[in-house]
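Engineer: I have a structure here, written as structure tokens, and I will follow up with some questions on it.
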Amino acid sequence: MTEALATTGFSREAVIALSRRKGEPEWMLQKRLQAWEIYEQTPAPLGRRGDLGTLQRLARFHFQELYPYLPADGNGALPAPIEEGLRDALVGASERSGLVLQRNSSVVRVELSEELRSRGVILTDLDTAVREHGDLVQRYFMTQAVPLATDKYTALHAAFWSGGIFLYIPSGVEIEEPILAQIWLDAPAAAAFAHTLIIADELSSARYVEEYASAFEGEQPSLLSAVVEVFTKNGARIEYTSLQDLGRNVWSVMHKNSIHEADSSVSWVMADLGSRLTFSNIGSNLIGNGSATELVGVFFSDQDQRFVIKSLSNHVGLSTNAETLVHGALADESRVEFDGMIRVQPGAQQTASFLSEHNLLLSKHCRAEAIPGLEIGANEVSASHGATTGQVDEEQLFYLMARGLPRDEAERIIVQGFFEPVLQRITLDSLRTRLRRNIVRRMRGGHESEADWIEAQERWEIEGVDEGAVSFDRPSEEEEIRLLPE
């Protein structure tokens, strides 16, 4: 590795060294250099005055103490935690149609069924796609969905991305079994820039599952910068699911966005459980007439975790639909900020868009801020937004404790009921089970035996958790904003 990549810190020289190491075409080098110039000239986002200060904390992160690139080991062997993670993956080997594994800066494994390969499906690392499918990558990579200049962090990502995942589904191809991607960090002071580019041609469909995890000890932090770009052509359907369960020594910055053509749809399923600090942007640009999107999200924060979650439903075409539903629980001294926006552009008539975000506080020391917003530029719109923040109802606790349950178990059941309306909208059974298990584990302080899980699972699924125990419905008609033609 050249000297510029062997030392910590980001620089123009390191950008050039990385591109040359990969043997990239000139257009990608110039794109990286353009992104570096934007990074140097753009201030870090600091949030609004009076917020919880999470973005200011991210801006003070010591980026220059990180390694911009860590190559894969030459022997190809994977550490035990990563091999174990593959065995415990959301989608088992017999249930998936493809697999991509990225370790730090490099993709180390790619698998795709021969049947899909023969039908023209392309699943490969983005480094290979730049060389072999340069016309597609050049057209879509950080141009429309997540442009270089979205913010300072996207510019840094564009300058130093490495590894990455490229998925192309040809017209009319429907992929039944999910494709699994795992992105691992297992080195301190590492900066991993994982990029996912998905292109679904007309009338195609796929289910894509992405997991973010880490496996290293110590206080020295690492950074995961992830960008996901999804393009759906006319009538295409993509279901994107992600589980972020990084260790507390990882800071994560994520930007995910989709571009929709006519009658296409993208379903986002997001679960944020780990990391020290997470800055997450999720958006959908409904450009084509009749396009639709759905965002279903859950998060659980404890200790001193900090999350900033931003969502955007941008309606441009006619008769577009969007729904955002996020439930989160906070414990200890954690801090979460949610900023959701519905934006209806002029001319986007017959729009239907709904947004709701609900927080459950499990401690007197945690804090949550939710700011849902509407920007309406058309006059034939059905839209509503709402947010709630509250503590566990003492009357519900009393009711359960009166039936013989200890207080901590009663509180767990209420939290499970709070999450259940969202979990029921997740189509992957394996993800629902995994999230339930992780929620139980987190509420038990991170200690959970197999017997504990079996007991909690039986209580959750056999006895059943009353979904109405803690329920939040869509705002009533009186609370909706309805702008109809005269």
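Taken together, the values in this text are just the output of simple stated rules run on the coordinates, not laboratory data. It should be emphasised that the depicted structure is a prediction, and the values quoted were computed from it without experimental measurement. Quick reminder, even Gly has a Cβ in these numbers, built from the backbone with ideal geometry, and neighbours come from all protein chains shown.
Engineer: At a Förster radius of 56 Å, what calculated FRET efficiency corresponds to the Cβ-Cβ distance of Lys364 and Thr143, to the nearest 0.05? Could you put the intermediate results ahead of the total?
Structural biologist: Numbers: r = 47 Å, r/R0 = 0.84.
Taking R0 as 56 Å, the efficiency between Lys364 and Thr143 is 0.75.
Engineer: Search the structure for amide H atoms under 5 Å from the amide H of Gln349, placed 1.01 Å from N in the peptide plane, and list their residues when 5 or more places away or on another chain.
Structural biologist: Correct list: Ser319.
Engineer: Can you pull out the trypsin sites (Lys or Arg not before Pro) in the range 293-368 that DSSP calls coil and that have at most 16 other Cβ atoms within 10 Å? Numbers along the way, then the final one.
Structural biologist: Values: sites: Arg306, Lys310, Arg335, Arg343, Lys364, Arg367; in loops: Lys364.
Sparse-neighbourhood loop trypsin sites (Lys or Arg not before Pro): Lys364.
Engineer: Still on this structure, please answer the following. What residue among Leu325, His365, Gly47 has its Cα farthest toward the positive end of the dipole of the chain, where the charges are +1 on Lys, Arg and -1 on Asp, Glu, each on the Cβ?
Structural biologist: Looking along the dipole axis, the top candidate is Gly47.
Engineer: While we're looking at this one, here's another question. Taking θ as phi - 60°, what are the ³J(HN,Hα) couplings along the range 427-436 by the Karplus curve (6.51, -1.76, 1.60), each to the nearest whole Hz, with x for Gly and Pro?
Structural biologist: 7, 7, 4, 5, 6, 4, 5, 5, 5, 4
Engineer: Sort Ile376, Ile169 so that the residue with the fewest other Cβ atoms within 10 Å of its own Cβ comes first and the one with the most comes last.
Structural biologist: Ordered from fewest to most neighbouring Cβ atoms within 10 Å, Ile376, Ile169 come out as Ile376, Ile169.
Engineer: Determine ³J(HN,Hα), in whole Hz, for all residues of the range 16-22 in sequence, where each value follows from phi through the Karplus function 6.51 cos²θ - 1.76 cosθ + 1.60 and θ = phi - 60°; x replaces Gly and Pro.
Structural biologist: Each residue of the range 16-22 in turn: 5, 4, 5, 5, 5, 4, 7 Hz.
Engineer: Now a separate question. Counting other beta carbons within 10 Å of each residue's own, what order do Phe299, Phe61 fall into, fewest first?
Structural biologist: Numbers: Phe299 24, Phe61 16.
Least to most surrounded, the residues fall as Phe61, Phe299.
Engineer: Could you put Leu312, Leu180 in order, starting from the residue whose Cβ has the fewest other Cβ atoms within 10 Å? Mind showing how you got there, number by number?
Structural biologist: Values: Leu312 20, Leu180 25.
In order of increasing Cβ crowding within 10 Å: Leu312, Leu180.
Engineer: Can you list the lysines whose alpha carbon is less than 23 Å from that of Lys22, not counting same-chain residues fewer than 8 positions off?
Structural biologist: Lys31
Engineer: In sequence order, what are the phi-derived ³J(HN,Hα) couplings for the range 324-329 according to the Karplus relation 6.51 cos²θ - 1.76 cosθ + 1.60 with θ = phi - 60°, rounded to whole Hz, with x for glycine and proline?
Structural biologist: Values, residue by residue: 10, 9, 10, 10, x, 10 Hz.
Engineer: In addition: Taking amide H atoms as placed 1.01 Å from N in the peptide plane, list the residues 5 or more away in sequence, or in a different chain, whose amide H sits under 5 Å from that of Ile179.
Structural biologist: Here the answer is Ser97, Arg207, Tyr208, Val209, since their amide H atoms fall under 5 Å of that of Ile179.
Engineer: Only bridges whose two residues both fall in the chain count here: according to DSSP, what percent of them are antiparallel, nearest 5? Please report the intermediate quantities before stating the final value.
Structural biologist: On the way: 13 of 149 bridges.
Percent antiparallel among DSSP bridges in the chain is about 10.
Engineer: Follow-up. Straight distance only, please: which lysines reach the Cα of Lys364 with their own Cα at less than 27 Å, same-chain residues fewer than 8 apart left out?
Structural biologist: Cα-Cα hits under 27 Å: Lys310.
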